[in-house]
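All remarks here apply to the structure that follows.
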Amino acid sequence: SKLIRGFLLSGMPCPSSCPPGLLALMAPGLALMAAFSLPSQAGDRRALPVEKPSGVKGRTLILLDVNTKSPVRIISENFLSLQLDPSIIHDGWLDFLSAHFNTPTESLVISSLHPSTTHPFDHNQIPPPCPQKAGAVPFFSHLADIVRSDIALDKQKGCKIAQHPDIMLELQREKAAQMHLVLLKEQFSNTYSNLTLTARSLDKLYNFADCSGLHLIFALNALRRNPNNSWNSSNALSLLKYSASKKYNISWELGNEPNNYRTLIGRSVNGSQLGKDYTQLRSLMQLIRTYSRAHLYGPNIGRPRKNVIAFLEGFMKVAGGTVDAVTWQHYYIDGRVAKVTDFLKTRLLDTLSDQIRKIQKVLNTYTPGKKIWLEGVGTTSAGGMNNLSDSYAAGFLWLNTLGLLASQGIDVVVRLSSLDHGHNHLVDQNFNPLPDYWLSLLYKRLIGPKVLAIHVAGLQRKPRPGRVIRDKLRIYAHCTSYHNHNYVRGSITLYIINLHRSRKKIKLAGTLRDKIVHQYLLQPYGKDGLHSKLVQLNGQPLAMVDDGTLPELKPRPLRAGRTLVIPPLTMSFYVVKNVNALACRYR
């Protein structure tokens, strides 16, 4: 099954009325429990970046080998997850999805991108679920290669294929565009409207996820506070009882970026208090048989600066043993001031590594071995920037994020966002896939859960403490996905980011020597270069065949022993076939 956090829907949104093929991609990536989710393992050592040392000519070969005996990390099968903004309740996308997009999506997550306050339950609904902060509800799932088309609103009544006229989609786009303007105004003014999630909305959300084979993770509203600043759980208890009466299989969370509550409600909640609130929530869950053993995640803090780390420490002291995984969020760039050159800066790519170390340090102190999720990650904040955060260039940050997180053992990453306001999307307004969609699809199809250590001969320097490593050639290695039946077990997949403005040559050595390699080279397509929203795979433009069919992602076979030539400013995947790697033979 896949996981959905709060409004997290496992799977990626599909282009043009969610075609089955596209939905397949969406589902596997987000659902933590998704059926097609890919397990992966990350190691203590991140993939070793490569940099050309001074005095070495650009034409020098890079010798690359991989440790095939054992993985350095193994991450969740639902490692790559995606999310949608809860604003889909306001702008009508939830109704539209549940009524028309009745195909499975395995990597779609519905979660909040912006903070907002909530109203009490809509008491016209009996029993009404708790009001939800925008973005407090996530879905997790995986990207799959094959998508079912037998999805409908209610699985118990039979998931059916739904048809809709084009005019319905056009009307929904107009409605969503109007809501988009409202959301932008809220973001820039830092004032947010309330959002109430009714029982009917929850039913639609759950049934959509259930029919898509996803698992729902629901983030409860933590902004309802008692006079003594403790959490008012009456609303949540109603929701828990309602969900249990419907036998909904849901995991839970409480709040979203709690370190920012002073901005939202005029008073702060410290980590210790939130820890007590989580302990209270766990007690409520244990009172309800359906959720006595359900998973609980949190605290979903913001970027781990000094005050946020202090918040996390206070939380872990009180509730470290209460949560099943610790969650946080990260944005690389302020979307209002981003430039295309920002996506090429190695300093920027390495900021995430510093954050991981800060989070891990706290957990090692209080709960060693506790799983970590990056529950919200976007290339840019403030909804992103058109022609940047939805362009080919943004893929450098996204692919490096996936490689870095896996290699450092982060169990799940939730991508912001796939279908809502802003420009951090995986699909455009017409549901055509954007560059990060194709990148994510290839990742889900080729990359397995086991992370392997790489060795680069002669061109590696040891990092000095506190010094940023400016690596412009980034190489990561995994066992090839077990779900990809085009490759036998024991194959290895490399993925490479070349930020140099010149091509680089890599010679496979050791266990990889003289093996046939399949190349999947992604480059921008068209005259817009790095700003392009179109991509080509091995020189062939990628586009939907029709509303329900993804194109075939054909590799380019390279003869055994051939040197890999990595073009400048590109991202690529290389499957090294028939390596018979011991680490990759068994799941």
Scope the stretch 463-479; condition open to solvent by 80 Å² or more (accessible area, probe 1.4 Å) and at pLDDT 50 or above; matching residues: LYS472
Counting just the residues of the stretch 202-228 that are of a type in the set (S, T, N, Q) and in contact with a Lys or Arg (Cβ under 7 Å, 6 or more places away or on another chain), which one comes out surrounded by the fewest Cβ atoms within 10 Å (Cβ to Cβ)? ASN207
Selection from the stretch 545-557 of residues that are out of contact with any helix residue (DSSP H, G or I) (no Cβ under 7 Å at 6 or more places or on another chain) and open to solvent by less than 40 Å² (accessible area, probe 1.4 Å): PRO551
Per-region count, the stretch 255-272, residues surrounded by 22 or more Cβ atoms within 10 Å (Cβ to Cβ) and modelled with pLDDT of 95 or more: 1
Could you grab the pairs with beta carbons closer than 6 Å, sequence gap of 6+ or different chains, first residue in the stretch 293-315 and of a type in the set (D, E, K, R), second one in a helix (DSSP H, G or I)? GLU313/VAL362
Quick one: would you say VAL456 is among the aliphatic types (A, V, I, L, M), in a strand (DSSP E or B) and at pLDDT below 90? yes
Some residue of the stretch 367-388 being of a type in the set (S, T, N, Q), modelled with pLDDT under 80, on the phi > 0 side of the Ramachandran plot and surrounded by fewer than 19 Cβ atoms within 10 Å (Cβ to Cβ): yes
Among (1) crowded, with 19+ Cβ neighbours inside 10 Å; (2) in contact with a Lys or Arg (Cβ under 8 Å, 6 or more places away or on another chain); (3) under 20 Å from LEU446 (Cβ atoms), which single condition is PRO567 missing? (1)
Note down all Cβ pairs under 6 Å where the first residue falls in the stretch 494-508 and is within 14 Å of LEU63 (Cα to Cα), the second is open to solvent by 20 Å² or more (accessible area, probe 1.4 Å) and part of a loop (DSSP other than H, G, I, E, B), and they're at least six residues apart or on different chains. LYS505/LEU61; LYS505/THR563; LYS507/LEU61; LYS507/THR563
Any residue that is touching a helix residue (DSSP H, G or I) at 6+ places or on another chain (Cβ under 9 Å), in a loop (DSSP other than H, G, I, E, B), at pLDDT below 80 and open to solvent by 10 Å² or more (accessible area, probe 1.4 Å) - is there at least one of those in the stretch 399-413? no
Taking the stretch 491-520 and keeping only residues that are part of a loop (DSSP other than H, G, I, E, B), open to solvent by 10 Å² or more (accessible area, probe 1.4 Å) and among the small types (Gly, Ala, Ser), one is left with SER502, ALA509
Go through the stretch 284-319 and report how many residues are within 19 Å of GLN360 (Cβ to Cβ), open to solvent by 10 Å² or more (accessible area, probe 1.4 Å) and out of contact with any Gly (no Cβ under 6 Å at 6 or more places or on another chain). 8
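The values are calculated or read from the model by the stated rules, or taken from the named source; none is laboratory data. A quick note: this is a predicted structure, and the numbers were derived from the prediction, not measured. Using ideal geometry, Cβ is built from the backbone for each residue, glycine included, and neighbour counts are taken over all protein chains shown. What goes into the accessible areas is simple: the full protein's heavy atoms, side chains included, and nothing from ligands, DNA or RNA. Shrake-Rupley method; radii C 1.70, N 1.55, O 1.52, S 1.80 Å.
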